[in-house]
Amino acid sequence: MNLTAFRTLGRSGLIVSPIALGTMTFGTPQWGAPDKVAESIFHAYVDAGGNFIDTADVYAKGRSEELIGGYVRDRSLRDQLVLATKFSFHGGEPGNPNAGGNGRKNMYRAIEGSLRRLQTDYIDLYWMHVWDLVTPVEEVLQSLGDLVRAGKIRYFGFSDLPAWYATKAVTLASAHNLPAPIALQLEYSLVERSIEREHLPAARDGGLGVCPWSPLAGGFLAGKYQRADAGATGEGRLGGSNPFGNTKFTERNWRVLDTLRIVAAQVDCPLVQVALAWVLAQSGVTSPILGASKLEQLHDNLSSLEIRLTPEQFQMLDESSALDPAYPYGMFTSEVNRSIFGGVSVQGW
């Protein structure tokens, strides 16, 4: 498989590559890619056949969108690429709550800024970046539908939200014949599999594609970090005072990493390629979002499309990273199924 093994995103006609280029590193001075490197990463991805570019209005305070807009313009790639960006987080006006959130007022402010920075008339895929805990799903759905009808976006999706919220949006859209979300963007990796409980089943039921973010767990699964008394040592996004790192440096996750090292040695491939191959093989996953701060990282990431793991290797990775039992999911087993139906197993459609 390669980047031109195209697929539709969810139950839609939007056609995307099996790996999306995440650009949170673009324009980010501390741990990101310098502008020249970001440009080389962009061109290498496109030249390899990739068509799915993911950014957000808050990445590098809009600089990521500006860089992408310039790259697309210089090569006249607008019709060839699927440009995705996001809204939700605050636009930088202290004391003004309407410069953030998922309400119509901020949504319209955000879309105009993204269109300007990306130098385009429309966004192919507009993501609600995060559930803001307050805006009714009805308002979000109606507002995004208005943007579709106005031609400013082609499709939309949701990121970082409860499964029930996405399900309600799909149901309302179907009942009222409104434009509906086509995808979810959620954290998913060997060390973060929580979406398997509710989000992945909801996505399958609602016809939503899934675009995992952080499939390498912020570099943890790349083997950048080593155990230490204070948590871990190593340079990367999870180091220093980043609270996100503290959630990754757990004894369970170190055990998952140990198993990943064993499988990587068996197939003689870097850890990142095996970790990504596992994500790519999961049911419901359409296109993981992969970022890079160096050109060689991009090439390593794309090589994961060529990895073929055996059923035994998948089983090793699955068992080492399995979710802890939690109610009520422990009841949804084949044994309970047989007890419900008088000793015989019944499989649903």
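The values are calculated or read from the model by the stated rules, or taken from the named source; none is laboratory data. Quick caveat: nothing in here was measured; it's all calculated off a predicted structure. All Cβ positions, even for glycine, are placed from backbone atoms using ideal geometry, and neighbour counts span all protein chains on display. The accessibility values were calculated without ligands, DNA or RNA, using every heavy atom of the protein model including side chains. Shrake-Rupley method; radii C 1.70, N 1.55, O 1.52, S 1.80 Å.
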So for the stretch 55-103, Kirkwood radius off the Cα pairs, Stokes-Einstein at 20 °C and 1.002 mPa s: how many µm² s⁻¹?
-> 176 µm²/s
When DSSP assigns beta bridges and you keep just the ones with both residues in the chain, what percent turn out antiparallel, to the nearest 5?
-> 20 percent
Partner lysines for Lys86 [C-alpha distance under 22 Å; skip if fewer than 8 residues away on the same chain] = Lys61, Lys105, Lys152, Lys168
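Lys and Arg at +1, Asp and Glu at -1: add these up for the other residues within a Cβ distance under 15 Å of Asp47 and post the number. List each step's numbers first, then the result.
On the way: positive: Arg75; negative: Glu39, Asp74.
Spelling it out: positives minus negatives among the neighbours equals -1.
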Length-normalised contact order of the stretch 89-134, Cα under 8 Å, at least 6 apart, in percent, tallies to 30 percent
For a label point 7 angstrom out from the Cα of Arg338 toward its Cβ, which stretches of the stretch 309-327 have the backbone nitrogen within less than 13 Å?
-> none
In deg cm²/dmol and to the nearest 500, what is the mean residue ellipticity at 222 nm of the chain if only DSSP H runs of at least 4 residues count, each as -39500 (n - 2.57), divided by the residue total?
-> -11500 deg cm²/dmol
What residue among Arg338, Arg11, Arg252 shows peak mean-square fluctuation when the chain is described by a Gaussian network model with Cα springs under 10 Å?
-> Arg338
Could you grab the relative contact order for the chain? Cα pairs under 8 Å, six or more apart, rounded to a whole percent.
-> 17 percent
Which value, in debye to the nearest 20, describes the size of the charge dipole of the chain about its Cα centre when Lys and Arg Cβ atoms bear +1, Asp and Glu Cβ atoms bear -1, and nothing else is charged?
-> 500 debye
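Restricting things to alpha carbons, find the Rg to Rh ratio for the stretch 26-185 using the Kirkwood radius for Rh.
Values: Rg = 15.9 Å, Rh = 16.3 Å.
We get a ratio of 0.98 for the stretch 26-185.
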Quick one: compute the contact order of the stretch 59-161, relative version, from alpha carbon pairs under 8 angstrom and 6+ residues apart, as a percent.
-> 29 percent
Between the stretch 256-276 and the stretch 90-137, the Cα center-to-center distance that results, in Å | 39 Å
Around Pro162, with a cut-off of 10 angstrom between Cβ atoms, what is the net charge of the other residues, counting Lys and Arg +1 and Asp and Glu -1?
-> -1
How high is the FRET efficiency between Arg78 and Ile262 when r is their beta carbon distance and R₀ equals 35 Å, given to the nearest 0.05?
-> 0.20
Would you kindly find the accessible area of Asp74, with a 1.4 Å probe and non-protein molecules such as ligands, DNA and RNA excluded, rounding to the nearest 10 Å²?
-> 100 Å²
Stokes-Einstein diffusion coefficient of the stretch 287-330, Kirkwood radius over Cα pairs, 25 °C, 0.890 mPa s, in µm²/s | 183 µm²/s
Using alpha carbon centers only, the stretch 160-218 is separated from the stretch 32-88 by a whole-angstrom value of 24 Å
Any chance you could run the full-extension gain for Glu251 through Asp146? It's 0.36 nm times the residue separation minus the Cα-Cα distance, nm to one decimal.
-> 33.0 nm
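What whole-number volume per residue, in cubic angstrom, does the convex hull of the C-alpha atoms of the stretch 1-92 give?
Each residue corresponds to 108 Å³ of Cα convex hull volume.
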Cα-based Rg then Dmax for the chain, in Å, read 20.6, 67
Roll a 1.4 Å probe over the protein heavy atoms and report the accessible area of Cys269 in Å², nearest 10.
-> 30 Å²
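Per residue, how much accessible surface does the stretch 63-201 expose to a 1.4 Å probe? Answer in Å², no decimals. Intermediate results must be reported in sequence, preceding the final value.
Working: 5800 Å² over 139 residues.
It amounts to 42 Å² per residue over the stretch 63-201.
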Using only the Cα atoms, work out Rg/Rh for the stretch 83-173, with Rh taken as the Kirkwood radius, to two decimals.
-> 0.94
From highest to lowest solvent-accessible area (probe 1.4 Å; ligands, DNA and RNA excluded), Ser40, Ser159 read Ser40, Ser159
